[in-house]
Amino acid sequence: MRRKIRRGAGRRAALTAVGAMTASLLLTAPQQATAGAPNLLTNPGFETAGPAGSDMPSCWSKSGWGDNDFTFATVADSHSGTKAMKVSVTRRAGGDRKALVTENAACAPTVVPGKQYDLSAWYKSDTPDVSVTVFRHDTTAGWQYWTDLQNPPVSAAWARTEVRTPAVPPNTDQIAWGLSVYGVGTLTTDDYALEEVGAVPPGPACTGTAAECAKGKWEVMGTQNPVRSMHAVVLKNGKVLLIAGSGNDISQFNAGTFTSAVYDPVAGTAKTIPTPVDMFCSGHVQLADGRVLVMSGNKGYPSADGKIGYQGLKDSYVFDPSTETYTKTNDMNGGHWYPSATILGNGDVISFGGLKEDSTGNVTAEKFSAAQNKWLPMNEVNQTWSYWGLYPSMILMQDGRLFYSGSHTFGNGTPGSGASVYDYGANTITDVPGLRKKDERDESASVLLPPAQDQRVLTVGGGNNESNPAANRLTDIIDLKKPSPAYTAGPDLPQGLVDTGTGKRPQTGAEGKMYVSAVLLPDGKVLETGGGLHDRADPVFEASFFDPASNTYQAGLATDPIPRTYHSGSFLLPDGRVMSVGDNPGNGTYNHAVSIYTPPYLFKGPRPKLTSVIDTEWVYGDTQRITVDRPIAKAELIRPAAVTHSSDPNQRFVDLPMTVIDNKTIDLNVTSNPNLAPPGWYMLFGVDANGVPSVATWVHLGGAPALAAAAKADGKQLPAPHEHSFADKLAPPKANPGQRDSAPVAPTVAGCDRHYGTASVCVPGAFPAEVKKTTKARCEWLAAHQFPKRMKVNGSDPLRLDPDGDGYTC
């Protein structure tokens, strides 16, 4: 049964909130992009017939895909003139149908990269399942899908819909568009228009130093992180939950001392939170209501003899930001030390991988039901019995499948190509090709590039804690819209300075970094920062922006003065700055300093302001009104971070196509597809033409129960999710393993030789290649990296670190 809801609730509320002037605007069509802007479409009202033998008007084509029954007809029931276009879908199992501007040089309008265009049409429809769909012509790759911009509401009478495109991507010279019908029903359209938005205002003068305006600025905060956190979660109130558990400190574990903290970046204060179990190396994700689901953790550290590795907990808790307390849920079906955690479009959470209570690899998928508020029994969850490793990066795709990017923690990648598409419904795993050095992607970073609608994933850097090579500087990009997606090589990561224990030096050759953090910014770029050259060692001081529009890096940004290697994390704050915490090298120390990065966009003069957001409870496919103090070029939702070990597969930037009423009143068009923006709390940013963002306003996407109840009196419907048939020509899936209890995992999976010291330190099982295999060279390396001077030898001495045989190293 189709969901019913108050469509345009924000628009009605706007009448009261912004007064009579705004109310009068609602009774008129949105203003044109510029006064007298020409309509760039040919035959916008279907009045000119097509060539002899054609049943479509000139410069219009039948378009669509999928399993459905449909008709196209040129009809006399027009908005103006004598003709309109009627598209009917009478049966639909999938796909859509649309009248599309013909994709050729004569009919499709010429556009300019970087410009924006207002698209409008008059329409009548009896189905909410209508979408404004745009295609673009790439000068190299040809015609391709670009994006869906808006879901016009049902209207029995002629109504006008208008929406603004994002900035036209580079290498695009034409666009074509139409209104897609992707549900059973009828749509009649007429009087289309495509108008160029006016000139972009000149860039503002720099308001900081020349270096700040070009590179940004880092500051080390006066208030330190009070706990040895490995996990950072940005809460719906803008504070940050920092989870330590035992903090990779076996003495804290033995004492039963487990900690978390809530850090307030605005007040510059931190509060320690009672923590019930050792959540060190747990998984975490924000639920739809803003609570944080924390799963598994550490049941036990490795034994001194190296025969037993880390052991995972079955425990699970939710953290409530309003009370700042943990509450226990039911247990998972098994332990998952280092589990993944991905929220799905229906609000459920799915988790894979990690180590069981006995240190073997967990092969069971786990699902947390949002409706039941509990982990489901194993027999209610589809199982492939596959071992995904530790912290596998599982990114939700637009059709509900999951993309395993190849980013993981510890050791080699998964067998095969190292990256794959997982289909929960079909219970299949299909490899995708192209990921380079798939066994050197330990602690690489993967992100769904802005905007989420583009379905492109960036994977950068990585190493291998077992063989311990110099970390790589590889960038690989995959477009999940392709019929048969494959990673392609991107530009190399920029290089910076590395401290290998003897002071900083420039990186050379193929030297890159692992432990890299990748943060989505409100201007649409990705900040990559931090990292180390080797396993738990040799911090790299480098930061850059990756621009998804041009697939290029802007190198040479200001660098965090604090080393950020193992157990570090960086994340976006609601004010547009980036916060970085943590560093836990192999010597067992922990850096409690907190750094804040101010990007260059905050040195470009005054910020735009969201002067009102009429509703903060949003639903899919709806239109939400905002007012601003001056024109903005785009708006988006950014999901708050939940990051650990360079992994945050839920991080996403969702474009909100704008219908511009005037320079200060804008309607934002919310995606109808919850797989693009899973339910939860988001940061809403408005960004001006110079890339300067507003301070975020928190909005809740998915709707509250009260909205659904109120919908009964309204009688309006929201559209169904508009999904596409992307990635539909994959190779045959791999054979699933048979049912099994676990997968074998070596106790040395963490890359540490447990013959030396306590479990809080990590003497590398494999030293970097440049370290000679002698006692002297290894002891010099340990000293240069500030390991304890005399660590106890636990049993044998395989690395020959105890030359005098007194039972202590070096």
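Values computed for the structure shown
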{"quantity": "Qualifying position, being more than 30 Å from residue 172 (Cα to Cα), aliphatic (A, V, I, L, M) and crowded, with 20+ Cβ neighbours inside 10 Å, among 89, 75, 101", "calculated": "89"}
{"quantity": "Single residue of region 127-164 satisfying the filter (more than 23 Å from residue 619 (Cα to Cα) and of a type in the set (S, T, N, Q)) that is surrounded by the most Cβ atoms within 10 Å (Cβ to Cβ)", "calculated": "144"}
{"quantity": "Residue count, region 425-470 (criterion: small (Gly, Ala, Ser) and either in contact with a Phe, Trp or Tyr (Cβ under 8 Å, 6 or more places away or on another chain) or at positive phi (or both))", "calculated": "4"}
{"quantity": "Strands (runs of 3 or more DSSP E) lying entirely in region 338-429 (those with 2 or more residues that are of a type in the set (Asp, Glu))", "calculated": "none"}
{"quantity": "Matching residues in region 61-101 - criterion: being under 24 Å from residue 399 (Cβ atoms) and aliphatic (A, V, I, L, M)", "calculated": "87, 89, 93, 100"}
{"quantity": "Selection from region 780-810 of residues that are in a helix (DSSP H, G or I), out of contact with any Phe, Trp or Tyr (no Cβ under 7 Å at 6 or more places or on another chain) and surrounded by 19 or more Cβ atoms within 10 Å (Cβ to Cβ)", "calculated": "782"}
{"quantity": "Positions within region 192-207 being assigned to a loop (DSSP other than H, G, I, E, B) and buried (at least 21 other Cβ atoms within 10 Å of the Cβ), in sequence order", "calculated": "none"}
{"quantity": "Filtered residue count, region 282-310, keeping only those that are over 30 Å from residue 701 (Cβ atoms) and of a type outside the set (Asp, Glu)", "calculated": "12"}
{"quantity": "Test: residue in region 534-541 that is out of contact with any helix residue (DSSP H, G or I) (no Cβ under 6 Å at 6 or more places or on another chain) and free of Cβ contacts under 8 Å to residues at least 40 places away in the same chain", "calculated": "no"}
{"quantity": "Residue count, region 296-314 (criterion: free of Cβ contacts under 8 Å to residues at least 60 places away in the same chain and acidic (Asp, Glu))", "calculated": "0"}
{"quantity": "Test for residue 465: is it crowded, with 24+ Cβ neighbours inside 10 Å, in a loop (DSSP other than H, G, I, E, B) and not aliphatic (A, V, I, L, M)", "calculated": "yes"}
{"quantity": "Region 285-310 - residue that is at pLDDT 95 or above and of a type in the set (Gly, Ala, Ser) and, of those, farthest from residue 234 (Cα to Cα)", "calculated": "309"}
{"quantity": "Near pairs, Cβ below 7 angstrom, 6+ apart or cross-chain, from region 315-342 (closer than 21 Å to residue 376 by Cβ and without any contact (Cβ under 8 Å) to a residue 40 or more places away in the chain) to any residue that is among the hydrophobic types (A, V, I, L, M, F, W, C) and part of a strand (DSSP E or B)", "calculated": "318/292; 318/293; 327/318; 335/355"}
{"quantity": "Residue in region 736-755 that is of a type outside the set (A, V, I, L, M, F, W, C) and farther than 26 Å from residue 413 by Cβ present", "calculated": "yes"}
{"quantity": "Filter result (aliphatic (A, V, I, L, M) and either more than 23 Å from residue 746 (Cα to Cα) or out of contact with any strand residue (DSSP E or B) (no Cβ under 7 Å at 6 or more places or on another chain) (or both)) within region 394-419", "calculated": "394, 395, 396, 397, 402"}
{"quantity": "Residues (outside any loop (DSSP other than H, G, I, E, B) and either modelled with pLDDT under 95 or over 22 Å from residue 290 (Cα atoms) (or both)) located in region 221-271", "calculated": "250, 251, 252, 253, 254, 255"}
{"quantity": "When residues of region 508-524 are limited to those that are in contact with a Leu (Cβ under 7 Å, 6 or more places away or on another chain), assigned to a loop (DSSP other than H, G, I, E, B) and not charged (D, E, K, R), the one nearest to residue 543 (Cα to Cα)", "calculated": "512"}
{"quantity": "Residue list for region 597-611, restricted to those being assigned to a strand (DSSP E or B) and surrounded by fewer than 18 Cβ atoms within 10 Å (Cβ to Cβ)", "calculated": "611"}
{"quantity": "Residues within region 750-773 that are in a loop (DSSP other than H, G, I, E, B) and under 24 Å from residue 511 (Cα atoms), tallied", "calculated": "13"}
{"quantity": "Breaking point among (1) crowded, with 20+ Cβ neighbours inside 10 Å; (2) touching an Asp or Glu at 6+ places or on another chain (Cβ under 9 Å), for residue 497", "calculated": "(1)"}
{"quantity": "Residue identified as surrounded by fewer than 24 Cβ atoms within 10 Å (Cβ to Cβ) and under 18 Å from residue 373 (Cα atoms) among 289, 305", "calculated": "289"}
{"quantity": "Residue list for region 430-449, restricted to those being within 17 Å of residue 388 (Cβ to Cβ) and either in contact with a helix residue (DSSP H, G or I) (Cβ under 6 Å, 6 or more places away or on another chain) or assigned to a strand (DSSP E or B) (or both)", "calculated": "430, 431, 442, 446"}
{"quantity": "Residue under evaluation residue 516, criteria (1) within 20 Å of residue 452 (Cα to Cα); (2) crowded, with 22+ Cβ neighbours inside 10 Å; (3) of a type outside the set (D, E, K, R), criterion not met", "calculated": "(1)"}
{"quantity": "Residue among 49, 35 that is at negative phi, at pLDDT 95 or above, exposed (fewer than 15 other Cβ atoms within 10 Å of the Cβ) and not charged (D, E, K, R)", "calculated": "49"}
{"quantity": "Residue count, region 312-335 (criterion: over 27 Å from residue 674 (Cα atoms) and either basic (Lys, Arg) or not in a strand (DSSP E or B) (or both))", "calculated": "10"}
{"quantity": "Filtered residues of region 747-776 (kept if of a type in the set (A, V, I, L, M, F, W, C) and buried (at least 19 other Cβ atoms within 10 Å of the Cβ))", "calculated": "749, 750, 752, 759, 761, 762, 763, 767"}
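Conditions tested, residue by residue: (1) assigned to a strand (DSSP E or B); (2) of a type outside the set (A, V, I, L, M); (3) at pLDDT 95 or above; (4) crowded, with 23+ Cβ neighbours inside 10 Å.
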residue: 94; (1), (2), (3), (4): no, yes, yes, no
residue: 107; (1), (2), (3), (4): no, yes, yes, no
residue: 124; (1), (2), (3), (4): yes, yes, yes, no
residue: 168; (1), (2), (3), (4): no, no, yes, no
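Listed here are the residues, each with its yes/no results for (1) out of contact with any Phe, Trp or Tyr (no Cβ under 6 Å at 6 or more places or on another chain); (2) of a type outside the set (Val, Ile, Thr); (3) in a loop (DSSP other than H, G, I, E, B).
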| site | (1), (2), (3) |
| --- | --- |
| 103 | no, yes, yes |
| 121 | no, yes, no |
| 133 | yes, no, no |
| 174 | yes, yes, no |
| 190 | no, yes, no |
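Residue by residue, here is whether (1) farther than 24 Å from residue 166 by Cβ; (2) not basic (Lys, Arg) holds:
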{"position": "448", "(1), (2)": "no, yes"}
{"position": "461", "(1), (2)": "yes, yes"}
{"position": "471", "(1), (2)": "yes, yes"}
{"position": "475", "(1), (2)": "no, yes"}
{"position": "481", "(1), (2)": "no, no"}
{"position": "488", "(1), (2)": "no, yes"}
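The values are calculated or read from the model by the stated rules, or taken from the named source; none is laboratory data. Here the structure is a predicted model, which is why all the values come from computation and not from measurement. Methodologically, a virtual Cβ is constructed for each residue, glycine included, from the backbone with ideal geometry; neighbour enumeration extends over all protein chains shown.
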